[in-house]
Structures are given as structure tokens and as C-alpha cells.
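Input: a single structure, listed below in C-alpha cells.
The values are calculated or read from the model by the stated rules, or taken from the named source; none is laboratory data. Predicted model, so just to flag it, every value in this text is computed and none were measured. In this analysis, Cβ positions are derived from the backbone assuming ideal geometry, glycine residues included, and neighbour counts consider all displayed protein chains. Please note that ligands, DNA and RNA were not included when accessible areas were found on the heavy atoms of the full protein model with its side chains. Shrake-Rupley method; radii C 1.70, N 1.55, O 1.52, S 1.80 Å.
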Amino acid sequence: MTQPVTIHPLVSPWGRFGLYSFFIDAPEPAVVDTGIATSPAEGMAPALAAIGRRIEDVRWILLTHGHIDHVGGAHALWELTVRKAQVVIHEADAPMLRSRRAHVEEYLAGRGRYLNDPDGEAKVTAAANAVISGEMEPSLLVKGGETLSLGGGVTVSVHAMPGHTPGSVAYAVDGQSAVFTGDAVQVHGAANGFPGYTDPDAYRASLAYLRGDLRPRHLYLGHPYRRADGTPYGVELDAAQAGEAIDQSIAAEARVARAACGCLAAGLAGTDSPYSPFARAAGDLGYAGDPTLEPSPFFTSMHGYRTHPQSPTGASQP
Ligand SMILES: [Zn+2]
Ligand SMILES: [Zn+2]
């Protein structure tokens, strides 16, 4: 058994969000998630310098999923390593690293259908242009089940965690139960106060796998996700907090599932509610957040229930 590796959070602000990356201080150093275009130079480099590490020595860029606030800085960070770092992403989310347009297509196919914003496509295009540092081919495509060697006996295993996005993964530092889940554990959501996932069944199954199989002793989250009362968890959770956050995520999804299924069963009807055509679900949940604020998790998740009809166990649990 090797010495435990040290893990440092690296923070860069972005609007209403805090963007978190994590530095794994292994012989071949890794950074989990990359924030946006400016994050590597403005957030990571000085934070690493402060702990006596150099950004150019990073050898692994481990992406938990393809959303812009996680892959946006990947190309810039890769350039700062003189293109020596290996860039890792699940194959299902790789289009989001390869192409800015993929982010626009994802918007149009999902939440954009409900937002009725004539400028929506242009806004998402502008955001993708502004915050994604470059389009690139990943060095390594994963599916889950792989083990990456970071030197000195330090290994990281890759675990498929679909649901938030099709290609969400968890990275686990083997032997110390330190698990990075990006946005795969939503609890009650981050700044928008609503959990976001494209496939509810997969999201539920991934949470059960995390709780039952991975059993993190240290859990690292992509954002300060909120409890039911609105107070945020931190992004570095101990075993007890991790168990609570996972359980709360499972409970929150079950509650949203019941409301979504009641709404779908009643039949969707367009109204002038900002939650239309899911106003009934928002009402049942008492959700009063602005559903139009990007990344619009309310519409992403509701569309998920609409396109992934519930198995009986999913919707009927108490
Ligand atoms: Zn995300
Ligand atoms: Zn995120």
C-alpha cells in the first residue's frame, strides 16, 4: 500500500457558481475538471504555485463530464502542460470536448425546447465560444472499468456514473476511497436549487452504485450542492457527509419523480407559467426558482422524465 496522495481543491469563480477542480498530488499529477477557459491560468496556476507545484507538470486531465464549466479549461490546461497531459473523458461526453456546437445541439434537444427564448441558440453559442478554450480530441476515451496509473503505485479507477449526462464518470483514488463525482451527486441542486439530470433512471442507478459499491470515505463534488433547507454542502465531504449527500440525492430524485410522473400522467398543456408545460410538477414540488437560468436543471430533468418513462419502482417508492 502506497502513501495516501494529497488532494487540493482549486477554485475559480464564475458568475453565480463556484467552479471546483481538484489537484491529485501524485508522481504524475492529475487535475480533475478544468473550469472554464480562464480557470487554468487565473485560478489553477497561482493556487498550484502556492503549494509548490507547477501547472506544467500536470500529466493527467480527468474530466468528469462534458459540461462547459468542466471541460471549458481543458484545452488551455493542456497547452500549459505543453500538450504533455493526457486528457480523459467518457466516450459518450467526448463530443462536448471535440465541438463547441455539441453544446448548442444539447441545448436545442433538451431544455431549449421549453425555454421559448428566440435568442437561446445565439446565447448558448456565445457562451460556448467564450468559455471553452478550444476544441480538441481527447487522448483517452473511457467507458468505466479502466485503471489509470499516476506513477509511484498510485492508481485511479474510472466508474461510469451516467444520469447527469450520458458520459458522467467518477474517478476514485484506489486504496483511499477518495472519489470525484463532478455533478453526478446533485442533492437538491446547486445555484438553481433543482437537481439536473438527463436520464433519471441512470441517475438513480448511479447513486445506488456510489452508495453501495464505491462507498466514498472522501467525496469531492463539482459544486457546493444544496441541502433541502438551501444550505450548501462543501465540495470536500467526509464519509458521513458523503453518505448523507447521496441519500439526500436519492430522496430528492424520488420526490421529483413523483411530481414529474403526476404531471406527465395528467397530460402536458402549454400555459403562460414559466414552468410550462410542467407547471403542475413545479407546484407539487413547491419549486419557485427561475427555471430559465442556465443551465435550467428544471427543464433538463423534466425533459428527462418525459423521454425516459418511469419504471414502476422509480415512481412509486414512498
Ligand atoms: Zn454538469
Ligand atoms: Zn457543473
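Of (1) within 13 Å of ligand 1 (Cβ to nearest atom); (2) within 14 Å of the chain's Cα centre (by Cα), Gly110 satisfies all except one. Which?
(2)
Of the residues that sit in the range 187-202 and are touching a strand residue (DSSP E or B) at 6+ places or on another chain (Cβ under 9 Å) and open to solvent by less than 10 Å² (accessible area, probe 1.4 Å), which one is farthest from ligand 1 (Cβ to nearest atom)?
For the range 187-202, the residue satisfying everything is Val187.
Select from the range 242-291 the residues that are of a type in the set (Ser, Thr, Tyr) and in contact (Cβ under 8 Å) with a residue 60 or more places away in the chain and write down the one among them that is surrounded by the most Cβ atoms within 10 Å (Cβ to Cβ).
Ser249
Just give me the residues in the range 1-26 being more than 18 Å from Leu148 (Cα to Cα), open to solvent by 70 Å² or more (accessible area, probe 1.4 Å) and among the hydrophobic types (A, V, I, L, M, F, W, C), in sequence order.
Result: Val11, Trp14.
Just for the range 150-184: of the residues that are in a loop (DSSP other than H, G, I, E, B), open to solvent by less than 40 Å² (accessible area, probe 1.4 Å) and away from ligand 1 (no atom under 16 Å from the Cβ), which one is nearest to His218 (Cα to Cα)?
So the residue we want is Ser177.
Any idea which of Tyr197, Tyr209 is among the aromatic types (Phe, Trp, Tyr) and more than 16 Å from ligand 2 (Cβ to nearest atom)?
That would be Tyr209, the only listed residue that is among the aromatic types (Phe, Trp, Tyr) and more than 16 Å from ligand 2 (Cβ to nearest atom).
Inside the range 27-77, can you point out the residues that are away from ligand 1 (no atom under 16 Å from the Cβ) and open to solvent by less than 10 Å² (accessible area, probe 1.4 Å)?
Across the range 27-77, the qualifying residues are Ala30, Val31, Pro40, Met44, Leu48, Val58, Ile61, Leu77.
Yes/no per residue for (1) modelled with pLDDT under 95; (2) among the hydrophobic types (A, V, I, L, M, F, W, C); (3) in a loop (DSSP other than H, G, I, E, B):
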{"residue": "Pro216", "(1), (2), (3)": "no, no, yes"}
{"residue": "His223", "(1), (2), (3)": "yes, no, yes"}
{"residue": "Ala228", "(1), (2), (3)": "yes, yes, yes"}
{"residue": "Gly234", "(1), (2), (3)": "yes, no, yes"}
{"residue": "Ile246", "(1), (2), (3)": "no, yes, no"}
{"residue": "Ala257", "(1), (2), (3)": "no, yes, no"}
{"residue": "Cys263", "(1), (2), (3)": "yes, yes, no"}
{"residue": "Thr271", "(1), (2), (3)": "yes, no, yes"}
{"residue": "Ala282", "(1), (2), (3)": "no, yes, no"}
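Take the residues in the range 78-107 that are closer than 30 Å to Thr271 by Cβ and either away from ligand 1 (no atom under 14 Å from the Cβ) or among the charged types (D, E, K, R) (or both), then tell me which one is least open to solvent (accessible area, probe 1.4 Å).
Val104
State whether one or more residues within the range 131-138 are surrounded by 13 or more Cβ atoms within 10 Å (Cβ to Cβ), part of a helix (DSSP H, G or I) and either among the aromatic types (Phe, Trp, Tyr) or out of contact with any strand residue (DSSP E or B) (no Cβ under 6 Å at 6 or more places or on another chain) (or both).
Yes, because at least one residue in the range 131-138 is surrounded by 13 or more Cβ atoms within 10 Å (Cβ to Cβ), part of a helix (DSSP H, G or I) and either among the aromatic types (Phe, Trp, Tyr) or out of contact with any strand residue (DSSP E or B) (no Cβ under 6 Å at 6 or more places or on another chain) (or both).
Condition (residue is of a type in the set (Val, Ile, Thr), modelled with pLDDT under 95 and within 24 Å of Gly153 (Cβ to Cβ)) applied to the range 1-24: is it met by at least one residue?
For the range 1-24, residues of a type in the set (Val, Ile, Thr), modelled with pLDDT under 95 and within 24 Å of Gly153 (Cβ to Cβ): present.
For the range 218-231, what are the residues that are closer than 22 Å to Phe23 by Cα and of a type outside the set (A, V, I, L, M, F, W, C)?
His218, Tyr220, Gly222, His223, Pro224, Tyr225
Confirm whether Ala26 is away from ligand 2 (no atom under 16 Å from the Cβ), not in a loop (DSSP other than H, G, I, E, B) and not polar (S, T, N, Q).
Taking the combined requirement at face value, the residue does not satisfy it.
Would you mind stating whether Glu42 is of a type in the set (D, E, K, R) and at pLDDT 95 or above?
No; evaluated as a whole, the condition is false for this residue.
I'm trying to understand the selection: among the residues of the range 14-26, which are within 16 Å of ligand 1 (Cβ to nearest atom) and aromatic (Phe, Trp, Tyr)?
Trp14, Phe17, Tyr20, Phe22
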